[in-house]
Amino acid sequence: MMFHSIKVFVLCHGLLQFSQLLYSSYFKSTLSTVEKRYGLSSYSAGTLSSLHEVSNCVLIVFLSYFGTRVHRPRIIGVGGLLMSISAMMLAMTHFLSRPYEYDSVLLNRQDICDLRRNASASESCDRDDSRRLADTHTLWMLMAAAQLLFGVGSVPMQPFGISYIDDFAAPGNSPLYIAILFAVSVFGPAFGFLLCSGMLRIYVDVDKVTSDVVVNQALSPGDPRWVGAWWMGLLITSVCLALASLPYFFFPGSLPSEGRMIARKSNVDFKKPHVSLSDFLKMFPRMFFRLLLSPFFLVLILAQCCFSSVIAGLTTFLSKFLERQYSASAVYSAMLVGAVNIPAVAVGMLVGGVIMKRTGMSLKNIPRFSVLMLSVSTLMCVPLFFMGCSTHKVSHVNHYQSGRYGRAGGIFPSADLPLNAATVILCRSPSMCYANCSCPSSAFNPVCGSDHVEYISPCHAGCTNFTKSPDNTHAVQLYTNCRCISGSQGHARPSPCANQCPHFLLPVILVLSAGALIACLTHNPMYMMLLRSVASEEKSFAIGVQFLLMRLLAWLPAPALFGMAIDTSCIWWKRVCGKKFSCGYYDNDVLRNRYLGLLVGYKVMGVALLAILGWKVLRTREYSLEKRPDGAL
C-alpha cells in the first residue's frame, strides 16, 4: 500500500515542511511592507515574526516526550491544519483594516506648501489619526494571535517527523533521507520570496478600489508610498498547508523496518504502556536535565543556536537590508533572495547530505569539517562591510540647510558650510524655510530637489506649485517654486534621489549566497552527530529539547534583536499624533555595520563552540556514525 512506505512519508513530510516554510518565509519577506502598511517599528515586526516560537516552546518538549506513545502521523496532520487556519487569520487583518492612505497632492493639498493654511491645524491629532493608531494596535494583536496558533500547529513536525523517518529507515539511508527532506523543504523559502515578489506588484487594496484609481495617481511598485498585496500570498499558503496535511491521516502509527534485520528492543519496550502518565511526568525533569548536563549535547546545541540566529536574521530582514542599503524595491529584493540566496542554501544542505553518505564521516571529523567550512563562510562576510555607501543628503534629517527665504525672507547660510551645534539648533527652529507651510508631521512623499538634496515631502521642500505630466494628467511631473531649494528656479522631482551604490547589490547577494552554501554543507553532519549522541529511546525527546533550546535562544530573540539593531540606526521617524509610526530614513553606514556585525558575531561564537566540541571529541573514542549507540556519549 502506498502509505506504508517510508519513502512516501519522506515525500509527504517534505511537502508539508515546504508549505510551512513557504508560509513562514513569505510572511517574513513581506515584513517591510507590513511595517509600512501599519506603521510598525522593525522591533515590533521582528517580534511578530518570531512570536510563534513562544507557543512552540511551551509544547514541543512535552509533545516530544510522548512521541513514542501517540500516532505520530495523525498528530502532524492536525498540526498542519492548525497552521492553515493561522495563515487565514493573518490574512484576515487586511479585510478588517481601513483602506490604505498615502500623501498625494492630487488627493489633498496637505502634501504641498500652503501658506494660507492654519499651522496649528496641521499638527493636531484628528480622529482619523487616533483611529489609525488604535487600529494598528488591534490588528497587531490579531496577527500575534495567528502567529501563536501557527506555533502550536508546527510543534509536532520536526520531532515526530524526523524520529519517524529515523525509526523505520535503513541505517545507511537515514542521513540521506533527512538530507533530502531538508533540501526539498528549503525550496519553500525560495518560492515564498518569489511569491512575495509577485504579490507585491499588486496594489494592497486591489479588492477595495479599482485599478484606475492607482493608475491615475501614478503610484507604482517603485514609489516609496507603494504598498503591495501582502495578504494575497497568505491565502495561497493556507490552501497549500491544508492540502499537504491530509495524507498524514492515512499513514499507520508504525511502518515495516526498511532493510533492518533486528528491531530495537529498547525502543519497543519503551512503547509498551506499562508506565503511567504520572510516572512519565516524574521522569521528565530527570531526562531533561540529564540532556542539559551532557557537555557534548549542550555545546553542540549552543553552536546550532548561533547559526540558527544567523539564519533568523537573514530570513527576517535581508530583504529590508537590501531595500534600505541599495534602494532596491521590495519586489526586486524579494526576488533576489528567493532566486539566488535560498537555492544556494538548498544546494548546500543536499551536498552536505551526500558528503555524509559517501564519506561516512566519523564523530572526530565532523567538528573539524564544520569549523573549516564555517570559518570560510565567516571570512566571506568581511568584504560586505565595505560594499555600501552612506545615506544621501536628506534635508533636516542628516543635512541641514535653509532655502532662499526665511520667515521674513532672509538669506540663510550655505548648505556646504560646516555646521556647529548652534547652527543646527537655529536651522531646526521655526525660522526654517517651510515653517509657514503647515506641513503635517506625518507627511512622507520623498522628492529630489534640483540641488541634489532629498526632501521628506514637497511641503518640506517649500514647494507651492506643481506641473502635471504631459503623458498622464493624473501624475506630477515637477514640483516648482520651492522655497527651500537654492537657485532662482528651485524645483523637485517626485521621487527619491538616486542611490550612489546600486552596483553593489548583485555582488552582495552573490557573496551572501556563496557563504550560505558553504555554511550549509555542515547542516546534515551536525544534525546526524546530534542524533547519534543520545540513546535510541531518547531520540524523539532529544530532538524536542534541541528545538526548544534553539527556539528560546535563537529563533525567538534573534529577529527582535536584529530589529532593535535596525531601529537604532534610524535617523528620522514618521510620526502620527506625536508617536513614532515607522522609520523613514536610516543611517546606511550604521545599519550596515550593525546588521552585518551581528551576523558575523553569531558566526564567530558558533565556530568557537564547535572548536571546543572538536577538542572534546578528540578525547572520546572514535566510531562510525553508521553504528547506533544504545546510550548517550
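Side notes on the structure shown:
- Contact annotation: residue pairs with Cβ atoms under 6 Å, 6 or more positions apart or on different chains, pairing a residue in the stretch 293-313 that is at negative phi with a partner that is hydroxyl-bearing (Ser, Thr, Tyr) and at pLDDT 90 or above, are CYS306/TYR602; SER309/TYR602; VAL310/TYR602.
- Count of the stretch 268-299 residues which are surrounded by 10 or more Cβ atoms within 10 Å (Cβ to Cβ) and either among the acidic types (Asp, Glu) or at pLDDT 80 or above (or both): 12
- Condition check for GLY192: under 22 Å from SER19 (Cα atoms) and in contact with a Phe, Trp or Tyr (Cβ under 6 Å, 6 or more places away or on another chain): yes
- In the stretch 388-426, residue most open to solvent (accessible area, probe 1.4 Å) [restricted to those that are at pLDDT below 50 and outside any loop (DSSP other than H, G, I, E, B)]: ILE425
- The listed residues are VAL186, VAL227, and the only one of them that is crowded, with 20+ Cβ neighbours inside 10 Å, touching a strand residue (DSSP E or B) at 6+ places or on another chain (Cβ under 8 Å) and either modelled with pLDDT of 85 or more or hydrophobic (A, V, I, L, M, F, W, C) (or both) turns out to be VAL227.
This table checks each residue for (1) at pLDDT below 70; (2) closer than 30 Å to THR467 by Cα; (3) of a type in the set (A, V, I, L, M, F, W, C); (4) open to solvent by 50 Å² or more (accessible area, probe 1.4 Å).
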position: ALA121; (1), (2), (3), (4): yes, yes, yes, yes
position: ASP129; (1), (2), (3), (4): yes, yes, no, no
position: THR138; (1), (2), (3), (4): no, no, no, yes
position: MET143; (1), (2), (3), (4): no, no, yes, no
position: ALA146; (1), (2), (3), (4): no, no, yes, no
position: PRO156; (1), (2), (3), (4): no, no, no, no
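- If you filter the stretch 377-387 down to residues that are among the aliphatic types (A, V, I, L, M) and open to solvent by 60 Å² or more (accessible area, probe 1.4 Å), you find that the one that is farthest from ILE612 (Cα to Cα) is VAL382.
- Every condition in (1) part of a loop (DSSP other than H, G, I, E, B); (2) under 21 Å from SER450 (Cα atoms); (3) in contact (Cβ under 8 Å) with a residue 40 or more places away in the chain holds for PRO470 except the one numbered (3).
- Residue in the stretch 532-545 that is hydroxyl-bearing (Ser, Thr, Tyr), closer than 21 Å to PRO156 by Cα and out of contact with any Cys (no Cβ under 8 Å at 6 or more places or on another chain) present: yes
- Identity of the residue in the stretch 60-80, modelled with pLDDT under 80 and within 29 Å of the chain's Cα centre (by Cα), that ends up most open to solvent (accessible area, probe 1.4 Å): PHE62
- Check on LYS7, under 18 Å from PRO73 (Cβ atoms) and charged (D, E, K, R): yes
- Subset of the stretch 489-518 that is of a type in the set (A, V, I, L, M) and over 23 Å from ILE311 (Cβ atoms) - its residue that is surrounded by the most Cβ atoms within 10 Å (Cβ to Cβ): ALA492
- Residue satisfying all of: in the stretch 558-614; basic (Lys, Arg) and in a helix (DSSP H, G or I); surrounded by the fewest Cβ atoms within 10 Å (Cβ to Cβ) among these: ARG594
- Residues that are crowded, with 23+ Cβ neighbours inside 10 Å and within 13 Å of CYS240 (Cβ to Cβ), drawn from the stretch 87-98: ALA87
The values are calculated or read from the model by the stated rules, or taken from the named source; none is laboratory data. Computed from a prediction, not measured in an experiment: that's the story for all the values here. Because the Cβ atoms are built from the backbone with ideal geometry, glycine has one as well, and the counts that use them run over all protein chains shown. Surface accessibility is based on the protein's heavy atoms, side chains included, excluding ligands, DNA and RNA. Shrake-Rupley method; radii C 1.70, N 1.55, O 1.52, S 1.80 Å.
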